[in-house]
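Below is one structure, written out as structure tokens; the observations come after it.
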Amino acid sequence: MTLTNAFTWEDLPTTSTKGETTMAAMIPRIQKTVKQMLISVMAFHGSYIVVRLVNSEQRVLTANSFYLFDVSSSPVYEVILLSQIMAAAFYMVLFFGMWGLYATLVCIACSQLEKLRANLLDIRQEHKTQEQDSGAETDTEEEEIQVHTSQEVFRRMQGELKDCVRHHQQILRFMKAMEDTLHPVLLGLFFIATGCICLSGFSVVMNWGEVMPMSQAALIYFAMMFFLFAFCRLGEELTHQAKSVRDAVWESNWVGAPVPFQHSLIIINIIASKKFSLTAGKFVPVSNKTMLSVRKSIFTNKAIK
């Protein structure tokens, strides 16, 4: 998180030239979205707890569980009930908060890659404008001005390209730190999400015909599927944004530029050509392909059953 101090995204546009929402515009929306989802899930779970306790003639708990001692007598029942409610709230905040942090970090990295791509293309645009402005003089003056202007423009282009190279290095350092820090966390979250999906499907089958248990299990099922999709979709977007830098290098004005300028572009192109992807445990890529594999395996197992 300290590495984000070198980045700015508040000044970036919220929509691209194609009318699409940029990743910079997604950053302030994530916090609002996480709060809304957390409040909705807590409200639903709280309603379920109230209905379950009111409609039951016996002392039931908020979750089906097994203890080695009798939990129906006071004050043991109240303590266990309160601990289950607090545990549910804690895990909800932890899970939603982790997703919000992950989404924010990925959006920051993607916004900086979009900014880098725009800066690379701006070098080309500025070069073209300068050359067009220098062509309105007489023949003799035009040659002198073009030589002076070309040197000045190429010097400015070289300086701006150095800034782009430094910016690219900072982004790569940030992305590597994300991978090194998040890969064990993502592995745990993937195991939790897939486990909850399987258990929720089993719970729906076992409680068929009972509205409240089925609705709770269905909510958990679709919530875990959504989170798996969100994790994988953001990871896929980061991989795509990292690849798109080489397209910006190719579209920049490298034809006729000085050799040092071309060498710097080649270095950026070589580095950007290396595929980057966030992983879960260093062996499962966080991508759309992984999401489709999980979805296929879950529905295949259901069909077999």
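Output the number of the condition that residue 54 fails; it satisfies all remaining conditions of (1) touching a Phe, Trp or Tyr at 6+ places or on another chain (Cβ under 9 Å); (2) surrounded by fewer than 13 Cβ atoms within 10 Å (Cβ to Cβ); (3) of a type outside the set (Asp, Glu).
For residue 54, the exception is condition (1).
For the range 1-39: of the residues being small (Gly, Ala, Ser) and surrounded by 12 or more Cβ atoms within 10 Å (Cβ to Cβ), which is modelled with the lowest pLDDT?
The qualifying residue modelled with the lowest pLDDT is 16.
Given the criterion touching a residue at least 60 places away in the same chain (Cβ under 8 Å), in contact with a helix residue (DSSP H, G or I) (Cβ under 7 Å, 6 or more places away or on another chain) and farther than 22 Å from residue 108 by Cα, identify the matching residue among 219, 238, 234.
None of the others qualify; the one that does is 219.
I'd like to verify a number: residues in the range 248-257 that are free of Cβ contacts under 8 Å to residues at least 24 places away in the same chain and either under 30 Å from residue 290 (Cβ atoms) or in contact with an Asp or Glu (Cβ under 6 Å, 6 or more places away or on another chain) (or both), how many?
1
Among the residues of the range 40-51, which ones are out of contact with any helix residue (DSSP H, G or I) (no Cβ under 9 Å at 6 or more places or on another chain) and either surrounded by 15 or more Cβ atoms within 10 Å (Cβ to Cβ) or not β-branched (Val, Ile, Thr) (or both)?
Selection gives 40, 43, 47.
Please work out if residue 244 is of a type in the set (Gly, Ala, Ser), touching a residue at least 40 places away in the same chain (Cβ under 8 Å), surrounded by fewer than 18 Cβ atoms within 10 Å (Cβ to Cβ) and within 19 Å of residue 112 (Cα to Cα).
yes
Return the only residue of 249, 205, 245, 255 being at negative phi, not in a helix (DSSP H, G or I) and not polar (S, T, N, Q).
One residue alone meets the criteria, 255.
Can you report the number of residues in the range 17-38 which are under 15 Å from residue 114 (Cβ atoms) and touching a residue at least 60 places away in the same chain (Cβ under 8 Å)?
Matching residues across the range 17-38 total 5.
Select from the range 75-113 the residues that are surrounded by fewer than 21 Cβ atoms within 10 Å (Cβ to Cβ) and of a type outside the set (A, V, I, L, M, F, W, C) and list them in ascending order.
Passing the criteria: 75, 77, 78, 83, 84, 91, 97, 100, 104.
The values are calculated or read from the model by the stated rules, or taken from the named source; none is laboratory data. Everything numeric here is computed off the predicted structure, so don't read it as measured data. Methodologically, a virtual Cβ is constructed for each residue, glycine included, from the backbone with ideal geometry; neighbour enumeration extends over all protein chains shown.
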